[in-house]
1. Please list, in order along region 57-62, the HN-Hα scalar couplings obtained from phi with the Karplus expression 6.51 cos²θ - 1.76 cosθ + 1.60 (θ = phi - 60°), rounded to whole Hz, x for Gly and Pro.
2. Rg and Dmax of region 21-71 over Cα atoms: what are they, in angstrom?
3. Counting only protein chains, not ligands or nucleic acids, how are R13, R8, R65 ordered by accessible area (probe 1.4 Å), most first?
4. Where Lys and Arg each count +1 and Asp and Glu each count -1, what net charge lies around Q63 among other residues with Cβ under 13 Å from its Cβ?
5. Excluding ligands, DNA and RNA, what is the solvent-accessible area per residue of region 27-83 at a probe of 1.4 Å, expressed in Å²?
6. So what's the back-of-envelope 222 nm ellipticity for the chain, counting only DSSP H runs of four-plus at -39500 (n - 2.57) apiece and dividing by all residues, rounded to 500?
7. According to a simple spin-label model (label point 7 Å from Cα along Cα-to-Cβ), what is the distance in nm between T58 and E26?
8. If you add up the charges near E18, with Lys and Arg at +1 and Asp and Glu at -1, over every other residue whose beta carbon is less than 13 angstrom from its beta carbon, what do you get?
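The values are calculated or read from the model by the stated rules, or taken from the named source; none is laboratory data. Everything numeric in this text was worked out from a predicted model, so none of it was measured. Using ideal geometry, Cβ is built from the backbone for each residue, glycine included, and neighbour counts are taken over all protein chains shown. Surface areas here come from the heavy atoms of the whole protein model, side chains and all, with no ligands, DNA or RNA. Shrake-Rupley method; radii C 1.70, N 1.55, O 1.52, S 1.80 Å.
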Amino acid sequence: MTAAVSERREQIRAIVREHLELEDNELSETSSFIEDHEADSLTLMDVLAALEKEFGVTIDQAQFRRMVDLNSAYEVVAESAGW
């Protein structure tokens, strides 16, 4: 993993942690935002908006349902940004 990829993953992790109000050790790459962390759709829309702002991308609303954990959030942002 390159430094840029690692940095982007950490930025996404920080945004998710902030919006879901989690400590670092509570969030894994595959823990479910909804099932494990009790996020609602409004909170997840806030996460989406924060990711768009942070990375200067527009994420298609159809991709929203794919963002269920950190790994999928990274994939959606990477595809939208063309990384």
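1. 10, 10, 9, 4, 4, 5
2. According to the Cα coordinates of region 21-71, Rg and Dmax are 11.1, 30 Å.
3. R65, R8, R13
4. With Lys, Arg at +1 and Asp, Glu at -1, the neighbours total -2.
5. I get 58 Å² per residue for this part.
6. The per-residue figure over the chain is -17500 deg cm²/dmol.
7. The two pseudo-label positions are separated by 3.4 nm.
8. Within the 13 Å Cβ shell, the charges total -4.
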